[in-house]
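Since every read-out is calculated from the coordinates, none of them should be taken as a lab result. If you're wondering where the values come from, they're calculated on a predicted model, not measured in any experiment. With ideal geometry, Cβ positions are generated from the backbone for all residues, glycine too; neighbour counts draw on all protein chains shown.
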Amino acid sequence: MKKSILPILTYLFASTAIAIAASTPPVFQMRLVLDTAASDSEPMTYVAHYQNHTHTNLLYVQKAILLDETALKSAKLGTAGLGWPVIEITFTDAGAKRFAEVTRQNIHKRLAIVIDGQLCEAPIIQTEISGGKAQISGSFSKKEAKDLAKKISDALPK
């Protein structure tokens, strides 16, 4: 009786693909910022540009991901009141519930928004945010906002 090596190779390739996919960090992440370094945090540089000034801060971002792109329904370029570019995100039903819960439980704390491994924004949560929609505004150009929105959108589950 001949044994085929094909099932074994198929299994090995599938296992490797799953392991690689599991080790790839989500494109979009929301995590809490801590006041000081801790074993469950990592230092991340936050760069803000405002009127020809650049401010760089080192923030300690928890490793635990509170929300990722699976909680999102869509991400697109938008415009804020004064014409500033923003990324408009719409949450899935489950994502909206989770986002409301996260914001309700962490009022007056900073929420790190990490896109493609880079800390983009870290706003202070002022109130619970419900309704299933949010805007990410920051010190990015229209092109940067468009590119980030596309990157998030491309990573959304199909």
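All other residues whose Cβ lies under 15 angstrom from that of T24 are scored, Lys and Arg at +1 and Asp and Glu at -1, for a net of -3.
Ignoring solvent entirely, what values of log10 I(q)/I(0) come out of the Debye formula for segment 26-155 at 0.13, 0.17 Å⁻¹ when each Cα is a single scatterer? Reported log10 I(q)/I(0), two decimals: -0.51, -0.91.
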